[in-house]
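Below you'll find the structure, written out as structure tokens, and then a few comments.
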Amino acid sequence: MAQATIHVLPRPYQAWIENGLLTRAGSILGDLLPQTSRIFVVTVAPVRKRWGAKFVAALKAAGFAPQVILMPDGEPAKRLATVEAMAEKLVRMGADRKAVIIALGGGVVGDVAGLLASLYMRGVELVQVPTTVLAQVDASVGGKTGVNLVAGKNLVGTFYHPRVVLIDPTVLKTLPEREFRAGLYEALKCGIIGNVELFLRFEQSRAKILKRDRDELEWLIAQSVKLKAEVVSADEHEGGLRRVLNLGHTIGHALEAETNYRSLLHGEAVAWGMIAATNIALTVGRTDSVTAGRIADAVLSLGRLPEVNVSAKKILARLQNDKKTQNGVVHFILPREIGKVEVASDVPERAVVDSVEELRRLSRGGWVWGKN
Ligand SMILES: NC(=O)c1ccc[n+]([C@@H]2O[C@H](COP(=O)([O-])OP(=O)(O)OC[C@H]3O[C@@H](n4cnc5c(N)ncnc54)[C@H](O)[C@@H]3O)[C@@H](O)[C@H]2O)c1
Ligand SMILES: [Zn+2]
């Protein structure tokens, strides 16, 4: 079993990564929480259908009496209205300040239930039990919660760390193929940022990974979580180091927004963004062509990505309005070598435009999921 500690004040916490962990969740929580805790499991229908009974049974076996709160599925549910509706429900169910909220689901459930836990009665205990690759390697660790506004994604939120993160990679076997692969790009990102061995695994065991070999996934997820835990421990609030986690996200976010969050999943946008960042790094002389080629190959060999048919000028305009832009300067995370990245604030506009044009060229003849 692998464990990663997230060193934050006032209370560090652990992420546990183990195949089959869902069935041990009750005993682990039994050691961490008072036996009298009232547990509320926030989840969505597709996850409840596949894993709800198993998880609830594990909690009951440990003496808890969990109650399930269902929220609507999908990104459109990431709204303050969902938080309010669930808070009302909690009151009706008699939840007090000793309530424990467990987020059982993907990043949407984690973000919404996390925000709910941080606000309900000014804050109740939270446990993250992520069930998508993206949520396991990224969203469940680090304490960011949030919902969307009409004006943009994640514009309202809090930093609120869970008591513990319980990661069972075996739940990924029921994940739709496209969601599964989209999450893998975030794991690959962790390799590029700071774990050569993890990157090599993508080069050498790709077939096993794509077949969802359970041991391969368990290892890969544990390594990714450890990297994220280290970065968050060093820089909880994204003052500096945490920005490296945004590799591929500068252009990725702009691509998502420019395509109205319709044609690309987040991980797919990050995949394109990592290729763009790699091209930029090559253009401005931060990396060499061998490294750039390996990164692009590792991304593209995980499967075909939806086509990006966007205007490079519009992407540039969006970058300049990004909430992470400081004083009009766009920061890019650029790969230097495998396992090493750096922050660059001096990327010429031309290099950005060229990198987006290159994405269009690469993706020509690409395909849109669901339509082929
Ligand atoms: N807080 C953070 O640090 C952070 C980081 C990255 C992303 N996010 C957020 O995460 C969200 C995306 O998360 P996501 O990609 O997990 O999407 P998601 O939560 O919408 O889940 C994707 C789909 O998979 C289904 N699903 C989940 N687990 C399943 C399983 N085991 N088997 C079958 N189906 C399953 C869900 O019901 C949903 O339909 C975005 O809103 C993003 O902003 C947050
Ligand atoms: Zn991401």
Would you say Leu149 is closer than 23 Å to Val270 by Cα and surrounded by fewer than 20 Cβ atoms within 10 Å (Cβ to Cβ)?
-> yes
Specify the residue that is modelled with the lowest pLDDT; the eligible residues are those in the stretch 225-270 that are farther than 24 Å from Ile167 by Cβ and either among the small types (Gly, Ala, Ser) or within 11 Å of ligand 1 (Cβ to nearest atom) (or both).
-> Gly239
Going by the structure shown, is Lys49 in contact (Cβ under 8 Å) with a residue 12 or more places away in the chain and not in a strand (DSSP E or B)?
-> no
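Return yes or no: is Val112 in contact (Cβ under 8 Å) with a residue 60 or more places away in the chain, touching a Gly at 6+ places or on another chain (Cβ under 8 Å) and within 14 Å of ligand 1 (Cβ to nearest atom)?
On the way: in contact (Cβ under 8 Å) with a residue 60 or more places away in the chain: yes; touching a Gly at 6+ places or on another chain (Cβ under 8 Å): no; within 14 Å of ligand 1 (Cβ to nearest atom): yes.
Against the criterion (in contact (Cβ under 8 Å) with a residue 60 or more places away in the chain, touching a Gly at 6+ places or on another chain (Cβ under 8 Å) and within 14 Å of ligand 1 (Cβ to nearest atom)), Val112 does not qualify.
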Any chance Glu186 is under 17 Å from Ile295 (Cα atoms), in contact (Cβ under 8 Å) with a residue 12 or more places away in the chain and loosely packed, with under 15 Cβ neighbours inside 10 Å | no
Condition met for Asp213 (within 15 Å of ligand 1 (Cβ to nearest atom) and without any contact (Cβ under 8 Å) to a residue 24 or more places away in the chain) | no
Does the stretch 282-304 include one or more residues that are of a type outside the set (Val, Ile, Thr), within 21 Å of the chain's Cα centre (by Cα), within 16 Å of ligand 1 (Cβ to nearest atom) and buried (at least 24 other Cβ atoms within 10 Å of the Cβ)?
-> no
If a residue has to be out of contact with any Gly (no Cβ under 8 Å at 6 or more places or on another chain) and not aliphatic (A, V, I, L, M) to count, how many in the stretch 27-65 make the cut?
-> 14
Any idea which of (1) at pLDDT 95 or above; (2) more than 23 Å from Glu337 (Cα to Cα); (3) touching a strand residue (DSSP E or B) at 6+ places or on another chain (Cβ under 9 Å) is the one Asp213 doesn't satisfy?
-> (3)
Residues of the stretch 29-68 that turn out to be within 16 Å of ligand 1 (Cβ to nearest atom), β-branched (Val, Ile, Thr) and surrounded by fewer than 19 Cβ atoms within 10 Å (Cβ to Cβ), as a count = 1
Filtered residues of the stretch 69-80 (kept if surrounded by fewer than 18 Cβ atoms within 10 Å (Cβ to Cβ) and either within 16 Å of ligand 2 (Cβ to nearest atom) or assigned to a loop (DSSP other than H, G, I, E, B) (or both)) = Pro72, Asp73, Gly74, Glu75, Arg79
Looking only at the stretch 81-109, which residues are within 16 Å of ligand 1 (Cβ to nearest atom) and buried (at least 17 other Cβ atoms within 10 Å of the Cβ)?
-> Thr82, Val83, Met86, Ile101, Ile102, Ala103, Leu104, Gly105, Gly106, Gly107, Val108, Val109
Just one of (1) crowded, with 20+ Cβ neighbours inside 10 Å; (2) among the charged types (D, E, K, R); (3) away from ligand 1 (no atom under 16 Å from the Cβ) trips up Glu349, so point out which.
-> (1)
Given the conditions (1) in the same structural domain as Glu337 (by TED's automatic domain parsing); (2) over 17 Å from the mean Cα position of the chain (by Cα); (3) farther than 30 Å from Ala317 by Cα, which single one is not true for Thr170?
-> (1)
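Yes/no matrix, rows are residues, columns are (1) of a type in the set (Asp, Glu); (2) away from ligand 2 (no atom under 16 Å from the Cβ); (3) on the phi < 0 side of the Ramachandran plot:
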position	(1), (2), (3)
Ser140	no, no, yes
Leu166	no, yes, yes
Leu188	no, no, yes
Asp213	yes, yes, yes
Filter the stretch 152-209 down to residues that are acidic (Asp, Glu) and within 12 Å of ligand 1 (Cβ to nearest atom) and give me whichever is nearest to Gly273 (Cα to Cα).
-> Glu186
Contact list, first residue from the stretch 4-22 and assigned by TED's automatic domain parsing to the domain that holds Ala57, second anywhere and of a type in the set (A, V, I, L, M) and part of a loop (DSSP other than H, G, I, E, B), beta-carbon distance below 6 Å, six or more apart or interchain, is Ala15/Val141; Glu18/Met1
Return only the number of the condition from (1) in contact (Cβ under 8 Å) with a residue 12 or more places away in the chain; (2) in a helix (DSSP H, G or I) that Thr36 does not satisfy.
-> (2)
Tabulated pairs, the stretch 157-181, first among the aromatic types (Phe, Trp, Tyr), second part of a loop (DSSP other than H, G, I, E, B) and within 10 Å of ligand 1 (Cβ to nearest atom), C-beta under 9 angstrom, 6+ apart or interchain | Phe159/Gly142; Phe159/Gly143; Phe159/Thr145; Tyr160/Gly143; Tyr160/Thr145; Phe180/Thr132
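The values are calculated or read from the model by the stated rules, or taken from the named source; none is laboratory data. Only a predicted model underlies this, so the values are computations on that prediction, with no experimental measurement involved. Neighbour counts run over all protein chains shown; Cβ positions are idealised from the backbone, glycine included.
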